[in-house]
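Following: one structure in structure tokens, then a few remarks.
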Amino acid sequence: MTHASLMQPLRFLPSIARLSIGVIMLALLAACASPITTKVTRFNAWPADAAGSTFSFVTPADRQNSLEQTTYESYVAAELQKIGLQPAPSGQAGRIQVSVVTGNRTEERKFRQPVYQDSYVFQPPYRDAAGRIYPGYWAPDLFGPRYVGDREVSQQVSVSNLRLRLLDTRQSPPGKPRTVFESRAVYEGFREELPGLVPLLVRAVFEDFPGQNGSVRLVRFDAETGAVVKE
């Protein structure tokens, strides 16, 4: 939908309504074009000899028959293979144990919004060169709507997150693998569908893997193509 098609019906509304609705539509258009931003936190003690190691997933009992969980784990498996790990043979545990946990919730956020008001100026009566007299009238201010202050508004924001843990069983006590990589990616915005966001959250935690220990960074994706937006 184009800007022109959105704005065309507004010509039939009063100016103050046109302004308010126009601002909202422009904001929606801007939101559609804005990149999808994720906040990524990382901690790692990645072993130097991990290349070529096998991996397997540690799936919670209540999620073992979940197609949703299996789908998310497949995204992670694809990224693990890109960094040189290999899936363990069926029925066997890999050296690297993988834990994937996702979540989604809605929060109410408050923020300040500017308020604008139409101003009208009285145009006095006048006489033209032929002597005709025209009555005075009220007309919109040539300088347009005036800022009159702010108001507090509330809006529902979707918070989606993915937590990834990689645990190394080598040189660890039996049944107590040590964590060698832990990352959490969080998205806050107006996209509510978790299944559509998880592929981006997975890619965010693996961007420049393993990254600096204890780092926090923003990873942005193009809303149309899904490509990483380089700073």
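A quick yes/no check of all residues on (1) assigned to a loop (DSSP other than H, G, I, E, B); (2) surrounded by 13 or more Cβ atoms within 10 Å (Cβ to Cβ):
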{"site": "Ala129", "(1), (2)": "yes, no"}
{"site": "Gly144", "(1), (2)": "yes, no"}
{"site": "Tyr147", "(1), (2)": "no, no"}
{"site": "Ser160", "(1), (2)": "no, yes"}
{"site": "Leu166", "(1), (2)": "no, yes"}
{"site": "Gln171", "(1), (2)": "yes, no"}
{"site": "Val180", "(1), (2)": "no, yes"}
{"site": "Ser183", "(1), (2)": "no, yes"}
Practice problem: Would you be able to say whether some residue in segment 133-151 is in contact (Cβ under 8 Å) with a residue 40 or more places away in the chain and not assigned by TED's automatic domain parsing to the domain that holds Pro60? | Solution: yes
Practice problem: Within segment 127-140, identify whether any single residue is on the phi > 0 side of the Ramachandran plot and not hydrophobic (A, V, I, L, M, F, W, C), and answer yes or no. | Solution: yes
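Is it the case that some residue within segment 185-207 is within 22 Å of Phe43 (Cβ to Cβ), touching a residue at least 24 places away in the same chain (Cβ under 8 Å), assigned by TED's automatic domain parsing to the domain that holds Ala48 and part of a loop (DSSP other than H, G, I, E, B)? Quick ask: steps written out before the conclusion?
Of the residues in segment 185-207, the ones within 22 Å of Phe43 (Cβ to Cβ) are 185-188, 198, 200-207.
Still in the running and touching a residue at least 24 places away in the same chain (Cβ under 8 Å): 185-188, 198, 200-207.
Right, trim to assigned by TED's automatic domain parsing to the domain that holds Ala48 and you get 185-188, 198, 200-207.
Subsequent filtering for residues that are part of a loop (DSSP other than H, G, I, E, B) retains 207.
Within segment 185-207, one or more residues are within 22 Å of Phe43 (Cβ to Cβ), touching a residue at least 24 places away in the same chain (Cβ under 8 Å), assigned by TED's automatic domain parsing to the domain that holds Ala48 and part of a loop (DSSP other than H, G, I, E, B).
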Exercise. Report the residue count in segment 81-102 for those that are in contact (Cβ under 8 Å) with a residue 60 or more places away in the chain and not in a loop (DSSP other than H, G, I, E, B).
Key: 8
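How about segment 187-218: which of its residues are within 10 Å of the chain's Cα centre (by Cα) and crowded, with 19+ Cβ neighbours inside 10 Å?
Across segment 187-218, the qualifying residues are Tyr187, Leu197, Leu200, Leu201.
Quick check on my filter: what residues within segment 208-231 are among the hydrophobic types (A, V, I, L, M, F, W, C) and either more than 10 Å from Pro35 (Cβ to Cβ) or assigned to a strand (DSSP E or B) (or both)? Outline the logic, then answer.
Within segment 208-231, the first condition is being among the hydrophobic types (A, V, I, L, M, F, W, C), and the residues that meet it are 209, 216, 218-219, 221, 223, 227-229.
Result: Phe209, Val216, Leu218, Val219, Phe221, Val228, Val229.
Residues that are touching a Gly at 6+ places or on another chain (Cβ under 7 Å) and at pLDDT 95 or above: does segment 8-20 have at least one?
Taking segment 8-20 and keeping what is touching a Gly at 6+ places or on another chain (Cβ under 7 Å), we get 10.
Next, only the ones that are at pLDDT 95 or above stay: none.
No, that holds for no residue.
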Self-check item: Residues (crowded, with 16+ Cβ neighbours inside 10 Å and in contact with a Gly (Cβ under 9 Å, 6 or more places away or on another chain)) located in segment 56-85
Solution: Ser56, Phe57, Leu85
Quiz prompt | Selected residue [among the β-branched types (Val, Ile, Thr), assigned to a strand (DSSP E or B) and under 28 Å from the mean Cα position of the chain (by Cα)] from Thr106, Thr59, Thr70 | solution = Thr106
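The values are calculated or read from the model by the stated rules, or taken from the named source; none is laboratory data. Keep in mind the model is a prediction, meaning the values are calculated, not measured. Here Cβ is always computed from backbone atoms with ideal geometry, including for glycine, and neighbour counts include all displayed protein chains.
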